[in-house]
Every structure is written in structure tokens, then in C-alpha cells.
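Working notes, structure below.
The values are calculated or read from the model by the stated rules, or taken from the named source; none is laboratory data. What you see is a predicted model; the values in this text were computed from it and never measured. FYI the Cβ positions are ideal-geometry reconstructions off the backbone, even for glycines, and counts take in every protein chain you see. Protein only, heavy atoms only, side chains kept; ligands, DNA and RNA dropped before computing areas. Shrake-Rupley method; radii C 1.70, N 1.55, O 1.52, S 1.80 Å.
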Protein chains: 2
Amino acid sequence: MAAFAVLITVSDQPGILFGLTKILADRQANITSVDIAHHPDRHSEIYFEFTVEGETEALVAELRGVPGVSGVELTPSFSKIYGKRIIIMGGGAQVGQVALGAIAEADRHNIRGERISVDTIPLVGEENLASAVRAVVRLPRVRLLVLAGSLMGGDISNAVEEVRAKGLLVISLNQAGSVPDVADLVVSDPVQAGVMAVMAIADTAKFDIIRQQKRRY
Amino acid sequence: MAAFAVLITVSDQPGILFGLTKILADRQANITSVDIAHHPDRHSEIYFEFTVEGETEALVAELRGVPGVSGVELTPSFSKIYGKRIIIMGGGAQVGQVALGAIAEADRHNIRGERISVDTIPLVGEENLASAVRAVVRLPRVRLLVLAGSLMGGDISNAVEEVRAKGLLVISLNQAGSVPDVADLVVSDPVQAGVMAVMAIADTAKFDIIRQQKRRY
């Protein structure tokens, strides 16, 4: 099975995604990624990554024939371009320092062929943070979450336990509240937390977060 | 039309997205966002945001009936949780400094009710950067791109012109190469570039990047 990525320009009307997925289903294509990009003053774009047996030429021609479609082009895949993602959330001062460490370390690995993106959202409040933690596992390509704050607990800790049960790695800064108790790893220095986060998911690094379970640095 | 978000747990097999979009199309739902999250050791999840007339109870029941679906739940939307996105790309040292400024400024706006995420990818090389710039407009919720480097030109500048023609705002650090000539705004201090990037897309700020067209700071 070969992997393909296509970018499809469409008009903004109900039923188009149905028309496109029907063609992919008819050809037994397994869709691995999909995104819709809306643009206020021009046509929307739908992006698919999929694996399928055989050639794509006939498939591309069929996609072009779906009503509402104005263009179809084969394109490089997001996983090749943006790769694995780390998400850092919490208070701005600390999120910035963790990002600084993570970006510098990701740079070193990306130069050697890795593709690691470092994404952040500065956010305060128990309810906001708990929702954002729960939503992380719905985002594509996310491997690890860093919680960067000074006091995090309550429902945020419940959310951390839920996403860890779903296989997400979680690093917490050493801080007040119960979040450090439920994280995979606790780190006091925010820059080092960012560096370790990247080391934990880089194939080019030797750091095994499973061997570090529940340690505190 | 009311807006809804649903998270659907599915088995990993061809045709499921087709089955789900058929039901949404039958009810004239307009799908505004879709994501697939694959998990190595458990069921995949498909996430939809859509607008539709009337109640969703019957719709949710129909989605539950699609073969391969094991769960459907209504959930808060990504746009409410992660909001607008700024993407910063380039060399690690500079990406880190721009991120520091952008995260600190996003924190100030998010406290007042905005939702701005700051996403980064440290990346070198003309070809890599040009592909990543072109791919930015395919990512959901991205409003502005910051190019943070010391030398960027050639095909990166072509890519910048293409994405600006599609409505993306682009800020460049003051640097060697032709990218500063094709950006909306050029800034010398990377921290200030990050702050201005957030001000440009925050509804809570008064900065109008259109009035700043082609200025250099």
C-alpha cells in the first residue's frame, strides 16, 4: 500500500466531503488524515492523506469529477513536513521558557532528519486547562504534553490521568497542586523540561521516558 | 444554524468516514472541521465540527449506527479551545526568541478572553522551508506566519508570495535574502516580532497590520 496526499479545492456547500470520501471508499483507500481549511474570500480546501493499492491517476480524475470540486493536486504530506508535535500549555512566563528549551533541542534533531514541531497555548484557569488537556488527544500527530505552571491540580489532574490512559506522555514542571503526582516525569527547570520533552519523542535521541517514570529532576 | 462538535470512536478500516459524512450530508450539515487521530494500541477517533438546522439527538443516534463506530459524544470545539494560530518557522535560536515574545503577548490577550496558540517548527534549508511555508495555508485556524532566520530567499520568497496571495499575513525578521522584501512587515527584534504577530491577529488589540504594510522596524 502506497501513501498519498492530495489537496482539493472546493466550493463551500454541504455534501462535498461525502462525495469525496465515497470515491476513496469505493477504491478501498484508508484515509489516515483529513483537514478542511476555510478561507473567507476564496474557495475552501480539503486535504487528505491515504494509503491505497495501485496507481492514483484514475482516482485523482474521479475526485476531480465530484460536484463542487474545482481542483485536485498531489502534494507532500503534513507528517513529512511538520512531523511529531509537542504541546506546551500553562502560564505565559513558563510556557515561554519550556518552548525555548524545546525549540533549541528540536532544531538539533531536525537538522539530523527528524521533524518535530513545538506548539504552545498560554492558558489559565482549572476549567480551561482541563478542557485543553482532554482535547490534546484529538489533535493529529501529538506525542507529548508539557504542563508548565506554578499551581495545577483538581480537574486538570483528572484530565492528565485520562490522556495518559490513552497513551499520551505528560511532563509536568515541579509545581504546587496534584498534577506533578500524576505526570510521567517532573522537571524543575523549564528549559530542561523542554529539552527532555523533545528527547523523549526523537528517534535520534537515546532518552527513554518509560525508564524515567515518576522521577523528579 | 447551530454549531456542534462530535468525537466519534471508530475501528481502523476503509469506508467509515464515508459512512459518517453520508449521514451529515443527508441532514444538510455543513462540515467546518474534521480530524482523524490514530492511536497505536486502541481505536481511532474522528472529530467533526459542523453547523446544522435543528436538534442533534437523532443525528447522533444515526452516527452511532454506522458500522465500525463504537462511540459518539458531543464535545467542545477546537476553535473555542485552541483558537487562532500563529506559526513561527526558521532557525532554532531565532524561532525561540520570536516564540518567547509571542507567547508572553498571547498570554495577555488570552487572559482577556482571546484564544491564540503559538506553534513553531525549527527547520533549515531552502527546499524544506519553502514546502513548509506552502503547507501552512492547509493547516486549520492559521492566521499569521513569522519567518525567523538570518538568510531566507529563493524559492522561500516564491512560497511567501503564494501564501500572501491566499490571504495569509507574513512577518519576516530583518535578515539577508529576499524574504523581507515580500513580507507584510519586517521587524529586527525577534521578541518584538512575536509580540506584533499576536497584536496583528488579536481582536483585543488595536494593531492593524494592513496600515503597517511594508514597514520595517
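Just to confirm my numbers, what's the Cα centroid distance between the range B:23-75 and the range A:26-43 in Å? So the two Cα centres are separated by 15 Å.
Here the translational diffusion coefficient of the range A:111-159 follows from Stokes-Einstein with Rh set to the Kirkwood radius across Cα pairs; for 37 °C and 0.692 mPa s it amounts to 267 µm²/s.
So for B:75, B:120, A:204, what's the accessible-area order with a 1.4 Å probe, most first?
The ranking, largest first, comes out as A:204, B:75, B:120.
I want the antiparallel fraction of DSSP beta bridges within chain A, as a percent rounded to 5. Antiparallel bridges: around 50 percent, rounded to the nearest 5.
Taking all protein chains in place and a 1.4 Å probe, what share, in percent, of the accessible surface of the range B:27-85 do carbon and sulfur account for?
52
By the Stokes-Einstein formula, at 1.306 mPa s and 10 °C, chain A with its Kirkwood radius over alpha-carbon pairs has D equal to 83 µm²/s. Inter-copy label distances at residue A:111, using a point 7 Å along Cα-to-Cβ, come to 3.6 nm with the shortest given first. Looking at the range B:63-217, the accessible area is 38 square angstrom per residue; that uses a 1.4 Å probe and ignores ligands, DNA and RNA. The peptide list B:147-155, A:16-24, A:150-158, put in order of mean Cβ contacts within 10 Å with the highest first, becomes A:16-24, B:147-155, A:150-158.
Please give the calculated 222 nm ellipticity per residue for chain A, where each DSSP H segment of at least 4 residues contributes -39500 (n - 2.57) and the sum is spread over every residue; nearest 500 deg cm²/dmol?
Taken over chain A, the calculation gives -11000 deg cm²/dmol.
Taking only the C-alpha atoms of the protein assembly as shown, Rg followed by Dmax gives 21.1, 59 Å. With its label point defined 7 Å out from Cα along the Cα-to-Cβ axis, residue A:216 lies at 5.2 nm from the matching points of the other copies, in increasing order. As a length-normalised measure over Cα pairs under 8 Å and 6 or more apart, the relative contact order of the range A:43-179 settles at 23 percent.
Shown here is the pair-distance distribution of the range A:24-143: with all Cα-Cα distances grouped in 5 Å bins from zero up to the longest one, the shares run 2, 9, 14, 16, 15, 14, 13, 9, 6, 3, 0 percent. Restricting attention to the protein assembly as shown, the count of lysine pairs at 8 or more positions apart or across chains with alpha carbons under 23 Å apart stands at 14.
How much of the calculated P(r) for the range A:112-217 lies past 22 Å, in percent of all Cα pairs? Everything past 22 Å amounts to 24 percent. The residues of the range B:97-134 occluded by other protein chains by 50 Å² or more of accessible area, set against the chain on its own, are B:100, B:103, B:107, B:115, B:120, B:121, B:122; surface from heavy atoms, 1.4 Å probe. Under the convention that each Lys and Arg Cβ holds +1 and each Asp and Glu Cβ holds -1, the size of the dipole of the protein assembly as shown around its Cα centre is about 780 debye.
Chains A and B together bury roughly 5400 Å² of accessible area, counting both sides, with a 1.4 Å probe on protein heavy atoms only. Here the protein assembly as shown carries DSSP beta bridges of which approximately 50% are antiparallel, counting only pairs with both residues inside.
When the alpha carbon coordinates of the range A:8-71 are projected onto the principal axes, the ranges are 37, 21, 18 Å, largest first.
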